[in-house]
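Read-outs throughout are calculated quantities, based only on the coordinates presented, and are distinct from any laboratory measurement. Only a predicted model underlies this, so the values are computations on that prediction, with no experimental measurement involved. Here Cβ is always computed from backbone atoms with ideal geometry, including for glycine, and neighbour counts include all displayed protein chains.
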Amino acid sequence: MRRSSRVTDHKMGSAGFLEQVEADSGEKVRICYQCGKCSAGCPVAYSMDLLPNQLMRLVQLGLKDEVLSCSTIWLCASCETCATRCPREIGIARVMDALRHMARREHYPVQVREVPLFVSTFISNLKRFGRLWEAGFVGVFNLRTGHLTKDMGKAPGMLRKGKLALLPPRIKGMDKIRKMIKRVEEVNRQ
Amino acid sequence: MKLAFYPGCTLESTAREYLDSTIAVAKAIGIELEEIPDWICCGSTPAHMADELLSISLPAYNLQLARRMDTEGVTVACASCYSRLRAANHAVTTDPEKRAKVGKVLGGDYEGDVPVSHLLEPVGEIIKQPGFESRLKQKLSGLKVASYYGCLLVRPPEITGFDDAEDPRSMDRVVEAVGAEPVDWRFKVECCGAALAFTRPEIVEKLSGQILEDARDSGADIVLVACPLCHSNLDLRQCDIEKFLGVDLEIPVLYFTQLLGLALGISCKELGLHKHTINPVPILRKRGITVKGC
Ligand code: SF4
Ligand code: SF4
């Protein structure tokens, strides 16, 4: 029973982890009473290494390494089913967001490497063009993940139907928009 | 009714037919849509996965643009953009610290006071007006429709405030208004897998497959949606889903604007019905519906 003794021993936990997660997410993880409703309704639970309710418990116990290296935070689809149904009204999806941010910031190994690549490719596309240029986005994303031909079979049909733009969108005032997006980083640092 | 319109990135590309049918239907039922000039991407799921302040600032920027327009608020057709715009309003109205930060990013305070609706809401107002029926060119009787709401339109309810989070009926009322038959089914608010389509397609194939199978088992001829990402998972990826499940589905997936447009007598081309992967025209004709110009 090594695992359960680890999980119940409070002193093993990382000091201040629960407080940090609560501050970042704005959600009171400590009031979770382990009813399991979040996991019962989670559409992706079947593929997660920690169920959403288990994740909440490990956060309460301060088990930072277990939490920040799990697959759950990367597989969560942000569908908000858990948060809608939680009897304690915990915004579990926002806790997932906070944990993802923390895991990236502190360079934890990522179990589903495509997800942060998807996020960063999307954001850099958006910073460049102001709007998502889907063809460019999918091309770069496939290059970065190495799945070169993923969804390529769908491209000719989509092109024919005018659903895929070969050229990026153009909008006025991109300089101002880029500066605005840059200020996000500055304000975050303050 | 005059509303500022936020199309969002997908409506300009993969969901072209949602944009076209929205414009055609709005015109036909008297909703004046004025596109927000030089709107930018709302950030969608990746922005909130990357950075909270970015995820609020992008929609707030668009809402600030809309505030300068002379309209009764913003309306959105994409469920994901809708949820991000609503989330920005929610964040700045409930958290003064966030509002201050967003103000610094935008270079001017945003109070969170521009109302945001999903297109289903103004449409819902119009279809319940007395005499709406007389505007229809045909009734779509005999067509059985499973309305699929998915996630971001209804959840989390404190942000979207849309209908009933567990048993929404807004789209079913559109179905009734055009004389078609709404089916009761279990998967109307289940998740299709959303952006996991890019990162873990096998999860989308399983989740979207369950949705389509339940629609079929409930006797639906078609599935109706109000979100481009749901549409792409259920329609564009339906062949992958069929392979994954080892079954034939062939269930057409329509936007609610296309269904409404059919009843209003708008042509197949204008509604973009020919742009779907699963061709809806055969089942529509089989149910005695006139599909013009396909
Ligand atoms: S539904 Fe809420 S209270 Fe219940 S286990 Fe999940 S987080 Fe905890
Ligand atoms: S938001 Fe994430 S954890 Fe919650 S039910 Fe959806 S997929 Fe599961």
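May I ask for the distance between the Cα centers of region A:142-168 and region A:40-66, given as a whole number of Å?
35 Å
In what sequence do B:Phe132, A:Phe17 fall when counting other Cβ within 10 Å, fewest first?
Values: B:Phe132 13, A:Phe17 20.
Ordered from fewest to most neighbouring Cβ atoms within 10 Å, B:Phe132, A:Phe17 come out as B:Phe132, A:Phe17.
Label region A:114-180 by shape, choosing from rounded, prolate and oblate, from the square roots a ≥ b ≥ c of the eigenvalues of the Cα gyration tensor; if a/c is under 1.5 it is rounded, and otherwise prolate applies when a/b is larger than b/c, oblate when it is not.
Numbers: a/c = 3.64, a/b = 1.34, b/c = 2.72.
Oblate, because a/c is 1.5 or more while a/b does not exceed b/c.
Distance in nm between label sites at A:Thr149 and A:Arg105, each 7 Å beyond Cα in the beta-carbon direction?
My value for the distance between the label points is 4.3 nm.
Along its three principal axes, how long is chain B when you only count alpha carbons? Whole Å, largest extent first please.
For chain B, the Cα extents along the three principal axes come out at 57, 45, 30 Å.
Suppose every Lys and Arg Cβ carries +1 and every Asp and Glu Cβ carries -1, with no other charges. What dipole size does region B:130-286 come out with about its Cα centre, to the nearest 20 debye? The partial results should precede the final answer.
Working: 18 positive and 23 negative charges, 126 e Å.
For region B:130-286, the charge dipole is close to 600 debye.
What value, in deg cm²/dmol to 500, does the helix sum -39500 (n - 2.57) over DSSP H runs of n ≥ 4 give at 222 nm once divided by the residues of chain B?
So the helix-based figure for chain B works out to -13000 deg cm²/dmol.
Dipole of region A:114-180, Cα-centred, from +1 at each Lys and Arg C-beta and -1 at each Asp and Glu C-beta, to the nearest 20 debye? Write down the numbers at each step before the final one.
Numbers: 14 positive and 4 negative charges, 74 e Å.
With Lys and Arg at +1 and Asp and Glu at -1, about 360 debye.
Can you pick out the pairs among A:Lys161/B:Lys188; A:Lys127/A:Lys172; A:Lys172/B:Lys2; A:Lys161/B:Lys292; A:Lys163/B:Lys275; A:Lys176/B:Lys2 whose Cα atoms lie more than 20 Å from each other?
On the way: A:Lys161/B:Lys188 28 Å; A:Lys127/A:Lys172 14 Å; A:Lys172/B:Lys2 24 Å; A:Lys161/B:Lys292 18 Å; A:Lys163/B:Lys275 8 Å; A:Lys176/B:Lys2 29 Å.
Among A:Lys161/B:Lys188; A:Lys127/A:Lys172; A:Lys172/B:Lys2; A:Lys161/B:Lys292; A:Lys163/B:Lys275; A:Lys176/B:Lys2, the Cα-Cα distance tops 20 Å for A:Lys161/B:Lys188; A:Lys172/B:Lys2; A:Lys176/B:Lys2.
Using just the Cα positions, wrap region A:1-122 in a convex hull and report its mean projected area in square nanometres, one decimal place.
Details: hull surface 30.0 nm².
Over every viewing direction, the Cα hull of region A:1-122 projects on average to 7.5 nm².
Can you give the extra length, in nm with one decimal, that the chain gains between B:Ala100 and B:Lys27 once fully stretched, where that is 0.36 nm per residue apart less the Cα-Cα distance?
Values: separation 73, 0.36 × 73 = 26.28 nm, distance 3.90 nm.
Gain on extension, B:Ala100 to B:Lys27, equals 22.4 nm.
Rank the residues A:Arg105, A:Arg113, A:Arg57, B:Arg237 as a footprinting-exposure proxy: fewest other Cβ atoms within 10 Å of their Cβ go first.
A:Arg105, A:Arg113, A:Arg57, B:Arg237
Full-extension gain between B:Gln138 and B:Lys286, please, as 0.36 nm times their residue separation minus the C-alpha to C-alpha distance. Please report the intermediate quantities before stating the final value.
Details: separation 148, 0.36 × 148 = 53.28 nm, distance 1.49 nm.
The B:Gln138-B:Lys286 span can extend by a further 51.8 nm.
Which of rounded, prolate or oblate describes region B:130-286 when judged by the alpha-carbon gyration tensor and an a/c cut-off of 1.5? Walk me through the intermediate numbers first.
Working: a/c = 1.83, a/b = 1.28, b/c = 1.42.
Oblate, since a/c reaches 1.5 and b/c is not below a/b.
Could you give the nm distance between label points at A:Lys28 and B:Ser267, where each point is 7 Å from its Cα heading toward the beta carbon?
My value for the distance between the label points is 6.1 nm.
If each residue of separation counts as 0.36 nm, what is the full-extension length gain between B:Asp113 and B:Glu176 once their alpha-carbon separation is subtracted? Can you show the working numbers first?
Details: separation 63, 0.36 × 63 = 22.68 nm, distance 3.34 nm.
Stretched out fully, the B:Asp113 to B:Glu176 stretch lengthens by 19.3 nm.
Please identify which residues in region B:180-197 have an amide N closer than 15 Å to a label point set 7 Å out from the Cα of B:Ser218, following the Cα→Cβ vector.
B:181-192
Kindly state, to the nearest 0.05, the FRET efficiency for A:Ser71 paired with A:Glu19, given R0 = 30 Å and r defined as their beta-carbon distance.
On the way: r = 25 Å, r/R0 = 0.83.
The pair A:Ser71/A:Glu19 has a calculated efficiency of 0.75.
In region A:107-138, whose amide N lies under 11 Å from the spot 7 Å out along Cα-to-Cβ of A:Ala165? List them in ranges.
A:129-136
Using only the alpha carbon atoms of region B:2-118, find the Kirkwood hydrodynamic radius as the inverse mean reciprocal pair distance, in angstroms to one decimal. Don't skip to the end; give the middle numbers.
Values: mean 1/r = 0.0698 Å⁻¹.
In region B:2-118 this quantity evaluates to 14.3 Å.
May I ask you to sort A:Glu19, B:Glu52, B:Glu190 by Cβ crowding, counting other Cβ atoms within 10 Å and putting the fewest first?
Numbers: A:Glu19 12, B:Glu52 23, B:Glu190 20.
Listing A:Glu19, B:Glu52, B:Glu190 from fewest to most nearby Cβ atoms yields A:Glu19, B:Glu190, B:Glu52.
How many nm separate the modelled label positions at B:Asp38 and B:Glu125, each set 7 Å beyond the Cα in the direction of the Cβ?
Each label point lies 7 Å from its Cα, and together they span 2.9 nm.
Which one of B:Val225, B:Pro201, B:Leu19 is farthest out on the positive end of the charge dipole of chain B, using unit charges on Cβ (Lys, Arg +1; Asp, Glu -1) and the Cα centre as origin?
Checked the options; the winner is B:Leu19.
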